[in-house]
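Visitor: One structure coming up, written as structure tokens, with questions to follow.
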Amino acid sequence: MNIFRLTGDLSHLAAIIILLLKIWKTRSCAGISGKSQLLFALVFTTRYLDLFTSFISLYNTSMKLIYIACAYATVYLIYMKFKATYDGNHDTFRVEFLVVPVGGLSFLVNHDFSPLEILWTFSIYLESVAILPQLFMISKTGEAETITTHYLFFLGLYRALYLINWIWRYYFEGFFDLIAVVAGVVQTILYCDFFYLYVTKGKNCGASHVLGVKSYL
């Protein structure tokens, strides 16, 4: 554990809490991609199966449980409790274009060909692109609420801090995980345009040119 990983974890948690509070307080999930949230729930489910096989620390276990619980709580709010406010007409990204290639890649490129390791690898690859449905939804509507952009900002900050964490660990611990680093770089790149717009254009940083995502997806 180092300051960059701890801050990254807290940024990740802040993003999740911001989103949950936004939905609960406004009683609406307008502008939120349910597909992205389903993908994140899948990410946490496949990554944290080791909860049943190993114990690292109370902090580690607690954060895993919080991430899983919050992910499914968000999905429940979107697809059940506040379903009437969900904008499915704009949340049309073809998630199979993400899940199928990622699933295939996790079988081909992993650290160890075992069920838990393949699922962990799948979660790492999927997390790197899970935000695409949300960014695509913003590109279709041409705008995003301030609270939604804050959510995206903290998610991007979490990933950027984790990249610094990996650099730190490489130089001071000799640890290097190529799969996690490459996936993290891809994920951070996806946020770069958003970061620029967030800083320069405020709450409308979700304008339609974010990522240049095309409507045929």
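Visitor: Please tell me if I78 is touching a Gly at 6+ places or on another chain (Cβ under 6 Å) and surrounded by 18 or more Cβ atoms within 10 Å (Cβ to Cβ).
Guide: Details: touching a Gly at 6+ places or on another chain (Cβ under 6 Å): yes; surrounded by 18 or more Cβ atoms within 10 Å (Cβ to Cβ): yes.
Yes.
Visitor: When only residues in the stretch 85-127 that are under 22 Å from L163 (Cα atoms) and part of a loop (DSSP other than H, G, I, E, B) count, which is most open to solvent (accessible area, probe 1.4 Å)?
Guide: Looking at residues that are under 22 Å from L163 (Cα atoms) and part of a loop (DSSP other than H, G, I, E, B), I get H111.
Visitor: Report whether or not D50 is surrounded by fewer than 19 Cβ atoms within 10 Å (Cβ to Cβ) and among the acidic types (D, E). Spell out how you get there, then give the answer.
Guide: Working: surrounded by fewer than 19 Cβ atoms within 10 Å (Cβ to Cβ): yes; among the acidic types (D, E): yes.
For D50, the condition - surrounded by fewer than 19 Cβ atoms within 10 Å (Cβ to Cβ) and among the acidic types (D, E) - is met.
Visitor: I'd like the residue in the stretch 128-157 that is assigned to a loop (DSSP other than H, G, I, E, B) and of a type in the set (D, E, K, R) and, out of all such residues, is least open to solvent (accessible area, probe 1.4 Å).
Guide: The residue in question is E145.
Visitor: Scan the stretch 7-22 and report the pairs whose first residue is open to solvent by 40 Å² or more (accessible area, probe 1.4 Å) and whose second residue is aromatic (F, W, Y), with Cβ atoms within less than 9 Å and a gap of 6+ or a chain change.
Guide: T7/Y158; L10/Y158
Visitor: Give me a count of the residues in the stretch 26-46 that are open to solvent by less than 30 Å² (accessible area, probe 1.4 Å) and either within 16 Å of the chain's Cα centre (by Cα) or aromatic (F, W, Y) (or both).
Guide: 11
Visitor: Of these, I17, I23, I78, which one is under 14 Å from the mean Cα position of the chain (by Cα) and over 24 Å from T121 (Cα atoms)?
Guide: On the way: I23 fails: under 14 Å from the mean Cα position of the chain (by Cα); I78 fails: under 14 Å from the mean Cα position of the chain (by Cα).
After applying the criteria, what remains is I17.
Visitor: Which members of the stretch 158-180 meet the condition of being modelled with pLDDT of 90 or more and either open to solvent by less than 30 Å² (accessible area, probe 1.4 Å) or within 30 Å of S28 (Cβ to Cβ) (or both)?
Guide: Y158, L161, N165, D177, I179, A180
Visitor: Tell me, which residue of the stretch 60-73 that is more than 13 Å from the chain's Cα centre (by Cα) and in contact (Cβ under 8 Å) with a residue 40 or more places away in the chain is most open to solvent (accessible area, probe 1.4 Å)?
Guide: The residue in question is I66.
The values are calculated or read from the model by the stated rules, or taken from the named source; none is laboratory data. No experiment lies behind these values; they were computed from the predicted model shown. Cβ atoms come from the backbone with ideal geometry, glycine included; neighbour counts cover every protein chain shown. The accessibility values were calculated without ligands, DNA or RNA, using every heavy atom of the protein model including side chains. Shrake-Rupley method; radii C 1.70, N 1.55, O 1.52, S 1.80 Å.
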